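Okay, so here's the structure we're looking at.
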Amino acid sequence: MMQMDRRNLILGSAASALAAAVLPACVPIDTSRPGRLAAKLRIIEAASGGALGVSVRHIGTGQTLEYRADQLFAHCSSFKMSLAAMVMKMGQDGQIDPSQRVRWTQSDLMAVSPFTTSRLDQGATMLELAEFTQKYSDNAAANILLGRLGGPAALTRFWRSIGDETSRLDRTEPSLNNVPPGEVRDTTTPHAMAMTVEKILFGDVLSAQNRALLQQWMVDTPTGARRVRAGLPESWRAGDKTGTSIVPTIGGIYVDIGFASPAGVADQRQALTFATYFRTIRPQTDMDPASEDVLAQVGRVIAQFSETIGVY
């Protein structure tokens, strides 16, 4: 009996020591379903070797799933969804004419400018520029629009006007993609951007017609096929805007923001908005499928989150 008691004492002490090493003292474990999903995001981050930021919002209830949601991350090209929305908003408010034709020159073109390159001779309307900066992340189109609408500061003012006190744009393409850790220029937080996406796509910022049009542009955007949408059920309706920065000296930044609605759910109050960010710490020189897959894994967690609030 004395040997057994001594053995139990040793085992119990070892288990207590292990628990103390893994969990800080007096920190309760969240065993709720949302808490377990947040733990899954922590596991995804740990396996990735980078930094993950996530905010998911259910429109109807305001319930959220968040991880590192108040940390700053770079927009990269994801700001272009808000830029397209600003063009629509200024058009419906009579500040600009979205059908106005705009011209540009060869010197305005740069990498990732497929639409503006093809339309160099004929130009395009401001609404067309907005569409193709959203759908195909056309860098020259984004810069042309920013130049006509008041520069990066104008987009920051647009965010402030809809209650986003965090997001900011300070530079144009391609400089805005150079956002090393600690930089505050051209950044947002997952929480702020998920709220902004909700206000733009499901609130009263845009008219119903413009909301529907921007949502469709996002559905038609092909650049996010390997990110969050890759982890969602194929039957869902989802749209997004991605952003990517690959700077060999500081690693890669992969962004995906958007909305998702389970199949057969017509009520837009049952939709989800998301803002996801992944920053690697490994140097990269090209698009990394493993980094994109991190956001696909987040997509699977988003689908599980919808189940916790009764949306299927």
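If a spin label sat at a point 7 angstrom from the Cα of ARG148 along the line to its beta carbon, the backbone N atoms of the range 108-126 nearer than 16 Å would be those of 108-109, 115-126. Within the straight-line cut-off of under 28 Å between alpha carbons, the lysines reachable from LYS89 are LYS80, LYS135, LYS199, LYS241, sequence neighbours fewer than 8 places apart in one chain being disregarded. By the count of other C-beta atoms within 10 Å, a proxy for reagent exposure, ASP121, ASP256 are ordered fewest to most as ASP121, ASP256. Considering every alpha-carbon pair of the range 94-219, the percent of pairs per 10 Å bin, from zero through the bin containing the longest distance, is 12, 39, 39, 11, 0. Put simply, the amide H of VAL102, placed in the peptide plane, has neighbours under 5 Å in ALA124, THR125, MET126, leaving out anything fewer than 5 places away on its chain. Calculated over the range 140-289, the projected area of the Cα convex hull averaged across directions stands at 9.5 nm².
Taking the square roots of five times each eigenvalue of the Cα gyration tensor of the range 213-279, the equivalent ellipsoid has semi-axes of 26, 11, 10 Å, listed largest first. Computed over the range 92-139, the range of Cα coordinates on each principal axis works out to 33, 20, 13 Å, biggest value leading.
For the chain, modelled as a GNM whose springs connect Cα atoms under 10 angstrom apart, the maximal fluctuation among ALA266, ALA39, ALA154 occurs at ALA266. The phi-based Karplus calculation (6.51 cos²θ - 1.76 cosθ + 1.60; θ = phi - 60°) puts the 3J(HN,Hα) values of the range 296-308 at 5, 5, 4, x, 5, 5, 4, 4, 5, 4, 4, 5, 5 Hz, whole numbers, x for Gly and Pro.
Spread over its residues, the convex hull of the C-alpha atoms of the range 31-308 is 119 Å³ per residue.
Of the GluC sites (Glu not before Pro) found in the range 116-222, those in coil by DSSP whose Cβ has at most 16 other Cβ atoms within 10 Å are GLU165, GLU183.
Calculated mean residue ellipticity at 222 nm for the chain: -13500 deg cm²/dmol, from DSSP H runs with n ≥ 4 weighted as -39500 (n - 2.57), summed, divided by the residue count and rounded to 500. Coupling constants for the range 115-130 follow from the phi torsions by the Karplus curve (6.51 cos²θ - 1.76 cosθ + 1.60, θ = phi - 60°), and in residue order they are 6, 5, 5, 6, 10, 4, 7, 10, x, 6, 6, 4, 5, 5, 4, 4 Hz; glycine and proline get x.
Taking the Cα centre of the chain as origin and assigning +1 to Lys and Arg Cβ atoms and -1 to Asp and Glu Cβ atoms, the resulting dipole is close to 440 debye.
Put +1 on the Cβ of each Lys and Arg and -1 on the Cβ of each Asp and Glu in the chain; which of PHE202, GLY35, VAL219 then has its Cα farthest toward the positive end of the dipole? Farthest along the dipole direction, towards plus: GLY35. Normalised Debye scattering of the range 61-122 at q = 0.26, 0.29 Å⁻¹ gives log10 I(q)/I(0) of -1.17, -1.17, counting only Cα atoms as equal scatterers and leaving out solvent.
None of the figures in this text is laboratory data; all of them are computed from the coordinates on show. Please read these numbers as outputs of a predicted model, since none were measured by experiment. All Cβ positions, glycine included, derive from the backbone under ideal geometry; neighbour counts span all protein chains shown.
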